[in-house]
Amino acid sequence: RVPQVQPRAEELSEVYRELSQHPGLSTACLGPDLTTQYGGKYCSLYTEWSQRDLARAENIKFCRQYLIFHDGASIVYSGPAGTCSEIKGELLSRESPSGTLKAVLRKVPGKEKEKEKQFLEVWDQNRKVKSIDLTALDKHGSIYDDDQFGCLAWSHSETHLVYVAEKKRPKAESFFQSKAPELGTSDEDVGHPKKEDAAVKVESPHPGSDGGWLWDCGADWAVPQGEQFVYHDDWGETLSTRSVPVLCVLDIEGNSISVLEGIPEHLSPGQAFWSPEDTGVVFVGWWHEPFRLGLRHCTNRRSALFYVDLTGGKCEPLSEDNRAVWSPRLSPDGCRIVYLENNVLGPHQQCSRLRMYDWYTKHTSTVLDTVPRQAWGTFPGIYCSALPAMCWAADSRRILLDTAQRSQQDVFVVDTATGTTTSLTADAPQGSWSVLTIDRDLLVAKFSTPSCPPMLKVAVLPVAGHEAQTQWICLQDAPPVPGISWNIRTLQPPPEQEHPQYRGLDFDAILMRPSEGPTAQKPPLVVMPHGGPHSVFTAGWMLYPAALCRVGFAVLLVNYRGSLGFGQDSVASLPGNVGTQDVRDVQFCVERVLQEEMLDASQVALVGGSHGGFLACHLIGQFPDTYYSCVVRNPVVNIASMVATTDIPDWCLTETGLPYKPDALPDPAQWTEMLHKSPMCYVDQVRAPVLLMLGEDDRRVPPKQGLEYYRALKARGVPTRLLWYPGNNHALAGVEAEADGFMNMALWLLKHLQR
């Protein structure tokens, strides 16, 4: 047959180059209010963006500043101030409470054969006032700059900073390494520093109070032998260099750094901030016994909120110790801490509870509980990886958060006293909204749609009771990408596919299609189920679907039952039913869309990653007559063989419907059940050509999963190709891998659909 469209590789690369240049908005920070000579108020807004640089094969960060003039109730004028400038080497940064100082963690390339260094800098409004070489001080390992443990928090007095770093590991020596004693020392002194040399003086943040002595846990009493090759457990995917985190305090005035003690050894601390009155540090502690499980995207790991006294070193829990908690945020008046909470184990992502701890009464309350069923127009429940770093309104009573609401993402204000919620985006355009920050009731958010890259929005939060009247103003526009139309469809599974315990659940799909070009009337269809499986496609900007749409494909993004944003019942319906319920939902959606839309049913393909790849491989095996091409990225193909190699073995048992215990070994029946729920059971029926993309450093779904499928397909004569990406993990998010992956995906689809 004659292909309807056959863009050359040059045309594909040009489309990708154009769309990949749209930057993403990551951070926003409001400066202090200033007053004009005429009495008006204004403040600066500092924003950070990221952009793919294909020529340099890296993601670059740049900043841009804006001015916002307001009268406290509305925004009078807003606009950019100056041009963009690239940010180099900056790992973390944080403004002080007054906005007059800024702390920056910076990486600096070493000279000649020196390793990369880390500097902690303090800037005022005119210059750099401190620059501390943390690598040279050698008090700890590398500072954590991730969003799981990492933090850089100012004390309220603006004299101290707390951050998280890897515990200093003594340098081990061989049993056979000899060291000549230095002149003037005895044998017993060699390699044995005096204990008093290892103490670091910590000045108390309270003016006039006594400082406390804390022993530097990085000090070596002796150089250990025979420990060069000891295995050190880590926190898995994207956190492979995170093993033993410690809390560290920088005394800015005294130029001293200390490693806090008193934290129980069975805990890994992170997400720390200063307590009211700077008496100590509040942090989240994750249990890591008997061994560490993968933590990235896993909000079900046992953890609790703790407080460690700065001078006495006493550590006490502030929350229950049999839950999973994260994202604590202190109110402006220093009286309350809100945080998110899940059950331990079970689905890795689920509907979360919003909890609040009163600092002075020591009472903990539930502000928002889980929502069993989502009803349109009501609060859908909390489905987010974190609360905004600045989420409290000025009244210290209301907080702002964004959450999935079916296939959209919306912003809500929550009254922590009453538990009432109000949408701030109910009357705004449909799409994906995210809160970046709120300060003095000035609210900053980003907004995007499947056809419109991220744009910057600002508003003033109205007084309590009038939040629905929020007026959003666009501060940085992003014109829609031409040639893309989209809509959200809701589907009800047929009666025979209903879950016996959770009847009446429905699900969504986002359909994107080209609105211009030679295939616009009847385009080929690319079906994309999401990974997780407990995640969700929201109606926001996504590079791959937009680029596929621009080159002539319709794209169907399926939020099958088990997705977030549809209530906890939907999440709970999937464990034990993977490989059947989710597969049937996707197939039902595809068949319905092909019946109701002008699409080419003879040109249908699958694209999926992780659990989306699991579903894609299931579908080409269970429904071989529907699909003519398939592209999978780090797919799960055999749960039984994955359980012993992944950083999340609990996932394998939970999603299979089996209980997980760290000390339990699966019996033959469990191995059989895991295999029966895997795509590998259907490989004999596969006919569609398959392209596999694997990340060499993937800890979540190790690349041997894809290799196992590749060999099975090759043995059966199915056309298949494998792309292997060194230096890339589960997300395949390296700029070079991402670009190469799109090109190979698009060319593979074009080649095997146009036959």
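Observations on the model:
- Of all the numbered requirements in (1) open to solvent by 40 Å² or more (accessible area, probe 1.4 Å); (2) more than 27 Å from Ile438 (Cα to Cα), Leu67 misses one, and that requirement is (2).
- Contacts under 7 angstrom Cβ, first residue in segment 316-335 being closer than 18 Å to Leu387 by Cα and free of Cβ contacts under 8 Å to residues at least 40 places away in the same chain, partner open to solvent by 50 Å² or more (accessible area, probe 1.4 Å) and of a type in the set (A, V, I, L, M), 6 or more apart: Arg323/Val344; Ala324/Val344
- Residue list for segment 242-260, restricted to those being of a type outside the set (Val, Ile, Thr), over 27 Å from the mean Cα position of the chain (by Cα) and open to solvent by less than 10 Å² (accessible area, probe 1.4 Å): Leu250, Asp251, Ser258
- Evaluation of Ser407 against the conditions (1) under 23 Å from the mean Cα position of the chain (by Cα); (2) surrounded by fewer than 22 Cβ atoms within 10 Å (Cβ to Cβ) shows that the sole unmet condition is (2).
- Residue pairs whose Cβ atoms lie under 9 Å apart, sitting 6 or more positions apart in sequence or on different chains, and linking a residue in segment 238-256 that is on the phi > 0 side of the Ramachandran plot to a partner that is open to solvent by 10 Å² or more (accessible area, probe 1.4 Å) and among the hydrophobic types (A, V, I, L, M, F, W, C), are Thr238/Ala731; Asn255/Ile132.
- The condition of being touching a strand residue (DSSP E or B) at 6+ places or on another chain (Cβ under 6 Å), in a helix (DSSP H, G or I) and open to solvent by 10 Å² or more (accessible area, probe 1.4 Å) does not hold for Tyr682.
This table checks each residue for (1) closer than 23 Å to Gln374 by Cβ; (2) among the aromatic types (Phe, Trp, Tyr); (3) open to solvent by 50 Å² or more (accessible area, probe 1.4 Å).
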{"position": "Gly294", "(1), (2), (3)": "no, no, no"}
{"position": "Asn300", "(1), (2), (3)": "yes, no, no"}
{"position": "Asp309", "(1), (2), (3)": "no, no, no"}
{"position": "Trp326", "(1), (2), (3)": "yes, yes, no"}
{"position": "Val338", "(1), (2), (3)": "yes, no, no"}
{"position": "Val344", "(1), (2), (3)": "no, no, yes"}
{"position": "Gln350", "(1), (2), (3)": "yes, no, no"}
{"position": "Arg355", "(1), (2), (3)": "yes, no, no"}
{"position": "Asp358", "(1), (2), (3)": "no, no, no"}
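The rows are residues; the columns are (1) part of a helix (DSSP H, G or I); (2) open to solvent by 30 Å² or more (accessible area, probe 1.4 Å).
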residue	(1), (2)
Lys661	no, yes
Ala664	no, yes
Leu691	no, no
Leu713	yes, no
Gly727	no, yes
Glu736	yes, yes
Gly741	yes, no
Met745	yes, no
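- In segment 280-299, the residues that are part of a loop (DSSP other than H, G, I, E, B), touching a residue at least 60 places away in the same chain (Cβ under 8 Å) and not aromatic (Phe, Trp, Tyr): Pro290, Leu293, Gly294, Leu295, Arg296, His297, Cys298, Thr299
- Residues of segment 25-40 that are out of contact with any Cys (no Cβ under 6 Å at 6 or more places or on another chain) and part of a strand (DSSP E or B): Leu25, Ser26, Thr27, Ala28, Cys29, Leu34, Thr35.
- Top-ranked residue of segment 360-382 - restricted to ones that are outside any loop (DSSP other than H, G, I, E, B) and open to solvent by 30 Å² or more (accessible area, probe 1.4 Å), ranked as nearest to Ser407 (Cα to Cα): Thr366
- Flag if Ala731 is surrounded by 19 or more Cβ atoms within 10 Å (Cβ to Cβ), touching a strand residue (DSSP E or B) at 6+ places or on another chain (Cβ under 9 Å) and within 30 Å of Ala572 (Cα to Cα): yes
- Criterion applied to Asp138, Asp124, Asp145 was being among the charged types (D, E, K, R), at pLDDT 90 or above and crowded, with 17+ Cβ neighbours inside 10 Å, and the one residue passing it is Asp145.
Residue-by-condition table, conditions (1) without any contact (Cβ under 8 Å) to a residue 60 or more places away in the chain; (2) in a loop (DSSP other than H, G, I, E, B); (3) surrounded by fewer than 16 Cβ atoms within 10 Å (Cβ to Cβ); (4) more than 22 Å from the chain's Cα centre (by Cα):
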residue: Ser13; (1), (2), (3), (4): no, no, no, yes
residue: Leu19; (1), (2), (3), (4): no, no, no, yes
residue: Tyr42; (1), (2), (3), (4): yes, no, no, yes
residue: Gly72; (1), (2), (3), (4): no, yes, yes, yes
residue: Ser78; (1), (2), (3), (4): no, no, no, yes
residue: Thr83; (1), (2), (3), (4): yes, no, yes, yes
residue: Glu86; (1), (2), (3), (4): yes, no, yes, yes
residue: Leu92; (1), (2), (3), (4): no, no, no, no
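- Some residue of segment 16-31 being within 28 Å of Gly517 (Cβ to Cβ) and among the hydrophobic types (A, V, I, L, M, F, W, C): yes
- Any hit, segment 293-312, residues being within 18 Å of Ser155 (Cα to Cα), at pLDDT below 95 and aliphatic (A, V, I, L, M): yes
- The strands (runs of 3 or more DSSP E) found entirely in segment 428-532 that carry 3 or more residues being open to solvent by less than 30 Å² (accessible area, probe 1.4 Å) and within 19 Å of Val571 (Cα to Cα) are 507-514.
- Residues that are assigned to a helix (DSSP H, G or I) and more than 24 Å from Pro493 (Cβ to Cβ) within segment 590-645 comprise Ala640, Ser641, Met642, listed in sequence order.
- Tally of residues being farther than 7 Å from Gln705 by Cβ and in contact with a strand residue (DSSP E or B) (Cβ under 9 Å, 6 or more places away or on another chain) across segment 630-653: 5
- Segment 261-279, subset assigned to a strand (DSSP E or B) and farther than 15 Å from Val246 by Cβ, residue least open to solvent (accessible area, probe 1.4 Å): Trp274
The values are calculated or read from the model by the stated rules, or taken from the named source; none is laboratory data. Model, not experiment: these values are computed from the prediction. No Cβ is skipped: glycine too gets one built from the backbone with ideal geometry, and neighbour counts run over all protein chains shown. To get the accessible areas, we keep the full protein, side chains included, count just its heavy atoms, and leave off ligands, DNA and RNA. Shrake-Rupley method; radii C 1.70, N 1.55, O 1.52, S 1.80 Å.
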